[in-house]
1. I'd like the residue in region 337-349 that is surrounded by fewer than 20 Cβ atoms within 10 Å (Cβ to Cβ) and touching a Lys or Arg at 6+ places or on another chain (Cβ under 9 Å) and, out of all such residues, is farthest from Arg411 (Cα to Cα).
2. So, in region 235-272, how many residues would count as being touching a residue at least 40 places away in the same chain (Cβ under 8 Å) and hydroxyl-bearing (Ser, Thr, Tyr)?
3. Quick one: is Arg334 loosely packed, with under 15 Cβ neighbours inside 10 Å, basic (Lys, Arg) and part of a helix (DSSP H, G or I)?
4. I'd like to verify a number: residues in region 64-83 that are of a type in the set (Gly, Ala, Ser) and open to solvent by 30 Å² or more (accessible area, probe 1.4 Å), how many?
5. If you take the residues in region 297-311 that are surrounded by 16 or more Cβ atoms within 10 Å (Cβ to Cβ) and out of contact with any Ser or Thr (no Cβ under 6 Å at 6 or more places or on another chain), which one is farthest from Leu357 (Cα to Cα)?
6. Could you list, in sequence order, all residues of region 196-211 that are open to solvent by 70 Å² or more (accessible area, probe 1.4 Å) and either closer than 17 Å to Arg256 by Cβ or in contact (Cβ under 8 Å) with a residue 24 or more places away in the chain (or both)?
7. Step by step: first the residues of region 162-177, then only those that are under 20 Å from the mean Cα position of the chain (by Cα) and open to solvent by 40 Å² or more (accessible area, probe 1.4 Å), then the one that is nearest to Thr242 (Cα to Cα). Which residue is that?
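The values are calculated or read from the model by the stated rules, or taken from the named source; none is laboratory data. In this text the structure is predicted, and so the values were computed from the model without any measurement. Here the Cβ is made from the backbone with ideal geometry for all residues, glycine too, and neighbour counts use every protein chain on show. All accessible areas refer to the heavy atoms of the entire protein, side chains included, with ligands and DNA or RNA removed. Shrake-Rupley method; radii C 1.70, N 1.55, O 1.52, S 1.80 Å.
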Amino acid sequence: MGVAGPFPYAERPPGPVLDRDEADRALARLGAEHEAIETSLLALQDHAGRRLLEGADLTGVTRERWAATEQSITLLWGYFEAYAGALARARAVRARRRHPNRDDLVALTELLRGQSVTVAHAAGRPAPSITGPARLSERFTLEELVARMNDLYARSLDMVVASDSVWSALPARIDLLAAELHRTRSLAHSAGVRPGEHPAGDELEAITEELATLRVQVISDPLAFWLSGPGSSAPGGGRPDTTRYDRAARALEDVRREIEAVLAVRQDAEQRLVRLRDVLSRADRTLTEARSARGEVLAKIAATEVPAVSGPATALQERLALASDHRRHARWHRLSPLLETLEREAEEELLRARESLTAVTAPLAVRAELRGRLDAYRAKVARHGLAEDPLLIERYDVARRMLWSAPCDLRVAAQAVLRYQETAAELLDQRRVSGPEDGR
C-alpha cells in the first residue's frame, strides 16, 4: 500500500513559484483527475470480466497475465491512496488562508510540482535489478504518478476487456452450434448415418469432440482466442479469434447438407427408381433396335463395315436391384450415393445405345440419301423436258437398279448416281445454250 511521505518544505521549489490563481487551477485540475481515477478504479473493480477472472480456473497465457494484472490492480490502489494523500495535504495548505503568503505558495508549488509523493515498495515494484539491490521506495511528482496509474490502468483494463469480450462472444456461439449439432445428430440417426458406417457420422463425432474441447479452452484461457487490433492502443482493441469455431460451423453445415440430401432420398426414392428403370428400359430397347438394324444392314448393304452392338446393361440392372433392396430396408445413407451414381451411368448408357443405333444405321441413311438425290434429279430433268432422253433413261435405270437391289454396293451406287447427275447437268447446260438460237 502506498503512503505519502513527509513533505520537506524546500527553500527552492521546483520551477517558478505558483501564484494563487495558478495554484487554484492546478488543485482543481488534480481534483478532477482524482475523481476520474477513482471512478475508473471502481468501474474496473466492478467489471464483470474482472469478477469472472477472479472466480475462473484459468490456464495458459490468461493465467499468467491475470496474475500480473492482479498485482497491477493492487499497485494501482496503492498509487491512488498516495495520490489522494498528497492532494489532501495540498488542499490543507491552500485552506490555511484565503490569500496565501509566499511560504504557502512555495509549499503548494513543492506539493503540486515537486517529487512530493513517496510510494513504499510494498505497493511498488520490490524486485531487485541486475545493477544493484532494489530500492525501498520511489518518489513521484503528481503528474508522474498519474501517468504511471494511467499506464497500469490501461494494461489492466485491456486484459480484463479482452477476456470478457471472448467470454461474451464465443461460449454462447459454441452453445448454439452445439444445439444445432444435437439436432443434426438426431437427423443423422433417423437417416441411418452412424459413426463407422458413414463418413458423415464420423465427421459428426469429430465436430462434437472439437466443440467440447474448444469450449473448455475458451473458458479457461480466453486470451488464447484474442486477436489484438493492429495499431490499436485502446483497451480491448481487437476481436475474438473465431477460426476454430468457424471451421467447425462450416464442417457441420456440410454434414447437415449431406444428411438432408440423404433424407431427401427417402422422400423421392421410389420416383427416382421408376425413372431409372425407364431410362434403362429405353437403353435396352434402343440396343435391341440397333441389333435388328445391324442384321438388316448386313443383309442389304455390301462391302460395309458395320460396328458391333453391345449387350444389355446387366451390371446396371443388378445395381438397380440393390438400390431397391436398400429402399425396402430403409438404408437411406447407402441408397443416396448409389442412386446418384446409377442416374449418371444410366443416362450415359442410353446415350451409348443411341450412338450405337446411329452408327449401325448409317449405311441405310446413306442409301436413302442417294435414292432421294436420284429421284430429285429425275424430277428436275422432267421439268425441263428431258425425261425421254435415252442416255438419261439408261443411266437412271442403272443407278436405280443398284440402289434398290440387295445387297447394295454403296460405293458403286454412289458413282452411278454421280454419273446420272453429271449427264443431266450437261444436257441442261446444252438446253440453256441452244434455247436462244432456236428462238431467233
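1. Of region 337-349, the ones surrounded by fewer than 20 Cβ atoms within 10 Å (Cβ to Cβ) are 337-338, 340-341, 343-345, 347-348.
Then keep just the ones that are touching a Lys or Arg at 6+ places or on another chain (Cβ under 9 Å); that gives 338, 341, 343, 345.
Values: Leu338: 49, Thr341: 44, Glu343: 42, Glu345: 38 Å.
Of everything passing the filter in region 337-349, Leu338 is farthest from Arg411 (Cα to Cα).
2. Adding up the residues that qualify gives 2.
3. Values: loosely packed, with under 15 Cβ neighbours inside 10 Å: no; basic (Lys, Arg): yes; part of a helix (DSSP H, G or I): yes.
Considered against the rule, which asks whether it is loosely packed, with under 15 Cβ neighbours inside 10 Å, basic (Lys, Arg) and part of a helix (DSSP H, G or I), Arg334 comes out as no.
4. If we filter region 64-83 for residues that are of a type in the set (Gly, Ala, Ser), which is where we start, we get 67-68, 72, 78, 82.
Pick out the ones that are also open to solvent by 30 Å² or more (accessible area, probe 1.4 Å) and you get 67-68.
Selection size over region 64-83: 2.
5. Let us first name the residues in region 297-311 that are surrounded by 16 or more Cβ atoms within 10 Å (Cβ to Cβ), namely 297, 301-302, 304, 306, 309.
Then keep just the ones that are out of contact with any Ser or Thr (no Cβ under 6 Å at 6 or more places or on another chain); that gives 297, 301-302, 304, 306.
Working: Val297: 12, Ile301: 16, Ala302: 19, Thr304: 16, Val306: 11 Å.
This residue is Ala302.
6. Glu197, Pro199, Asp202, Glu203
7. Top of the filtered list is Arg173.
Results for (1) within 60 Å of the chain's Cα centre (by Cα); (2) in a helix (DSSP H, G or I), shown as yes or no for each residue.
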site	(1), (2)
Thr341	yes, yes
Glu349	yes, yes
Leu357	yes, yes
Ala365	yes, yes
Ser405	no, no
Leu418	no, yes
Asp429	no, yes
